[in-house]
Amino acid sequence: MSIKGTDYYTIDELMAVCMARTIKNGDTIFNGVAVPLPFTAIMLAFKTHAPESIFWSGLLAGLNPDPPFLPPTSGDSVMLHRANPILHLHQIFDLAMRGELDRIFFSGAQIDKYGNLNNTLIGTLDNIKIKLPGGAGSSHIGCFAKNYTIWSIRHDAKVSSKGQRVFTFVESVDFVTTVGRRTSTRNRDELGLMGGGPDCVVTNLCTFDFDPLTDVMRLKTLHPGVTVEEVLENTGFEPVLSDTIVETPPPTKEEIALIREIDPMNTRKVGFSRSALEKRYDF
Amino acid sequence: MGIHSSKDKVCSLSKAVSRIEDGSIIAVGGNLSAREPMAIIREMIRQGKCNMHSIGGAHGVDIDLLCAGGVLRRVQNSYVGFEADFGLAPNYRRMVQQKKVIPKDTDCVAVLMQLRASVYGLPFMPMKLVTGTNILDLHPEYIVMTCPYTGEKLSLLPAVKPDWAIIHAHKSDPKGNIKLHPPYFADLLAIEASQNSIVSVEEIVSEEEMDKIGATVPYYEVTAVVELPFGAHPTSCYPDYTYDRKHLAEYVKLANRGEDVFRKEYLEKYVFGVKSHDEYLELVGGHDALEELTKWNQGTEKWCELLGRNL
């Protein structure tokens, strides 16, 4: 591994490092669809602080793969490279239903203050404005997994054609695909859910955890150069402000070199805006 | 699963597909951009199949094309899209928004349990409680019961028995024994749960050859086999070939330009414009272009080039 040339890092790399750090050594981890950034984070955790983790490579269900690159489609067989054994997909779902899945990564087209995720539709069931692809396994696994990490590369407020600001982080989602820390009326214990739900959020601006009293997202760290005001401007609800908001702990040069080795095709960068990717952060 | 004891399963594409009745529940094999039975799907569209109901996990061009071709009325999949690479599934999205296709969004785990109930010959499967998600609004048939043994709340999901599993695999023998290489996705479950299955294969081999390589699916679970090399194109069929990302990029681009453009420039060309699977293969580049997709195993550099080539 060469760390030459790693005198800076970019937002995708910082996010991958933040996401990797939500994995504990020995965790069981699964991730499925449309997930180049989580794949990067998981492989990074494996090669750094969490070598004893157990990871099934998405819908291919290969155990602990070591792919030479990350593919543009998460069902590609490169994710079986050095995986052994190759299981049946249902074995992973069975494990999740038994309560033995420690962590999974979910994103959302809309994400609300409690971490409820919408990947199903914008609008209402009777009047669907945008049909989104769907939640894959996130609706049910979100009920079963011990915890999940929420990630979003669209922590922003786009201006719509009607001049309205459209947030990814919203007061309430149009459709709950995956249940977060609570619904508007009941928390997970009251709902009777087995898993603990989301416990951390990694975005292109900052990281959140959740306020233990209200279950609302609590701003925890700011990425270099980001202000609290910028986070608030780009968030459609009022997050709880932690007493000790600090700068996001920077990655190490080794972590950045590893990320570039894990993902030489830069699949992880897909979906980020050009301007976001052009910003270089010094160590 | 249905028991299909005939020892002669070899069938032409058109005859096999003609057996699928309109209104069937279908379980399509493969997932996302991998090993989807695309040649069978194109034939279903050519034959004007309609009013069907799909059940399955995370899929892409297969379900999107079935929507565009007017085959599907209900889509009970957990995901239909092109991931971060190409985004939303344009035809599926358009037809749902126009209320021509009814979205019955489900979850990968729910699909597993409902097909499993069918495999087990049971009316339903219990599952740890799922609640708080609006997916349940689309599925009033999922109910909650109190476990008579432990008192805990459980979700019950009714069995779904597809009329047809539609699968693309690597090899079969004339009897219908199937050799499938991993990843299996949910294909074995789909075949076992369904009343009938059509399996297209890269190659039909002799029974002696199948004895040597070992079958993955027993012949009696299979209704018909059709030999269709590159039958998963433009999706992959590893280890034989990787997916045709360039073709998928063109597909999504045309689909994003609207129903009329897609019909004229994609359906009329690649589906209705060809009389046979062989003609389709010629149209997408013929021997040389397809041969290129088999070269993924020449090394990482070549594999990256095939998957990442400039579009």
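Which of the residues belonging to region B:117-133 are crowded, with 21+ Cβ neighbours inside 10 Å and either more than 7 Å from every other protein chain (Cβ to nearest Cβ) or not hydrophobic (A, V, I, L, M, F, W, C) (or both)? Answer for region B:117-133, where residues must be crowded, with 21+ Cβ neighbours inside 10 Å and either more than 7 Å from every other protein chain (Cβ to nearest Cβ) or not hydrophobic (A, V, I, L, M, F, W, C) (or both): B:Ala117, B:Ser118, B:Met125, B:Gly132, B:Thr133.
When residues of region B:83-101 are filtered for being at the interface with another protein chain (Cβ under 8 Å from one of its Cβ atoms) and of a type in the set (Phe, Trp, Tyr), how many remain? Residues meeting the conditions: 1.
The rows are residues; the columns are (1) closer than 15 Å to A:Pro133 by Cα; (2) within 14 Å of chain A (Cβ to nearest Cβ); (3) touching a Cys at 6+ places or on another chain (Cβ under 7 Å); (4) part of a loop (DSSP other than H, G, I, E, B).
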| site | (1), (2), (3), (4) |
| --- | --- |
| B:Lys15 | no, no, no, no |
| B:Ile20 | no, no, no, yes |
| B:Ile26 | no, no, no, no |
| B:Arg74 | yes, yes, no, no |
| B:Tyr79 | yes, yes, no, no |
| B:Thr106 | yes, yes, no, yes |
| B:Leu112 | no, yes, no, no |
| B:Leu115 | no, yes, no, no |
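When A:Phe208 is tested against the conditions (1) touching a Lys or Arg at 6+ places or on another chain (Cβ under 8 Å); (2) more than 14 Å from chain B (Cβ to nearest Cβ); (3) assigned to a loop (DSSP other than H, G, I, E, B), the lone failure is (3). When region A:41-76 is filtered for residues that are in contact with a His (Cβ under 9 Å, 6 or more places away or on another chain) and outside any loop (DSSP other than H, G, I, E, B), only A:Gly62 remains. Against the test of being more than 30 Å from A:Ala96 (Cβ to Cβ) and out of contact with any Phe, Trp or Tyr (no Cβ under 8 Å at 6 or more places or on another chain), the options A:Thr207, A:Thr227, A:Thr235 yield a single qualifying residue, A:Thr227.
Scanning region B:170-179 for any residue that is touching a Ser or Thr at 6+ places or on another chain (Cβ under 6 Å), away from every other protein chain (no Cβ under 11 Å) and either modelled with pLDDT of 95 or more or assigned to a loop (DSSP other than H, G, I, E, B) (or both) turns up at least one such residue.
Just one of A:Ala41, A:Ala45, A:Ala83 is on the phi < 0 side of the Ramachandran plot, within 11 Å of chain B (Cβ to nearest Cβ) and modelled with pLDDT of 95 or more; which is it? Explain how you work it out, then say what you get.
Details: A:Ala41 fails: within 11 Å of chain B (Cβ to nearest Cβ); A:Ala45 fails: within 11 Å of chain B (Cβ to nearest Cβ).
Residue meeting the stated conditions: A:Ala83.
Scanning region A:19-27 for residues that are buried (at least 23 other Cβ atoms within 10 Å of the Cβ), within 17 Å of the chain's Cα centre (by Cα) and under 18 Å from A:Asp263 (Cα atoms) turns up at least one hit.
Looking only at region B:53-72, which residues are in a strand (DSSP E or B) and either aliphatic (A, V, I, L, M) or free of Cβ contacts under 8 Å to residues at least 24 places away in the same chain (or both)?
Let us first name the residues in region B:53-72 that are in a strand (DSSP E or B), namely B:53-59, B:72.
Matches in region B:53-72: B:Ile55, B:Ala58, B:Leu72.
Against the definition (of a type in the set (A, V, I, L, M), within 23 Å of B:Val144 (Cα to Cα), surrounded by fewer than 21 Cβ atoms within 10 Å (Cβ to Cβ) and free of Cβ contacts under 8 Å to residues at least 24 places away in the same chain), how does A:Leu125 come out, yes or no? In short, no.
Would you confirm whether any residue within region B:36-43 is closer than 28 Å to A:Ser138 by Cα and assigned to a loop (DSSP other than H, G, I, E, B)? Give the derivation first.
Here is the first cut: in region B:36-43, the ones closer than 28 Å to A:Ser138 by Cα are B:36-38, B:41.
This time we only want the ones that are assigned to a loop (DSSP other than H, G, I, E, B), so: B:36-37.
Yes, region B:36-43 contains a residue that is closer than 28 Å to A:Ser138 by Cα and assigned to a loop (DSSP other than H, G, I, E, B).
The helices (runs of 4 or more DSSP H) found wholly in region B:197-301 and carrying at least 3 residues that are within 14 Å of chain A (Cβ to nearest Cβ) and not aliphatic (A, V, I, L, M) occupy B:245-256. The single condition among (1) assigned to a helix (DSSP H, G or I); (2) surrounded by fewer than 17 Cβ atoms within 10 Å (Cβ to Cβ) that B:Lys100 does not meet is (1). Does A:Ile245 satisfy being closer than 22 Å to A:Ile11 by Cβ, touching a helix residue (DSSP H, G or I) at 6+ places or on another chain (Cβ under 7 Å) and in contact (Cβ under 8 Å) with a residue 40 or more places away in the chain? Here the answer is no, as A:Ile245 does not meet what is asked.
The values are calculated or read from the model by the stated rules, or taken from the named source; none is laboratory data. Everything numeric here is computed off the predicted structure, so don't read it as measured data. A quick note on method: Cβ atoms are made from the backbone with ideal geometry, for glycine too, and the neighbour counts reach across all protein chains shown.
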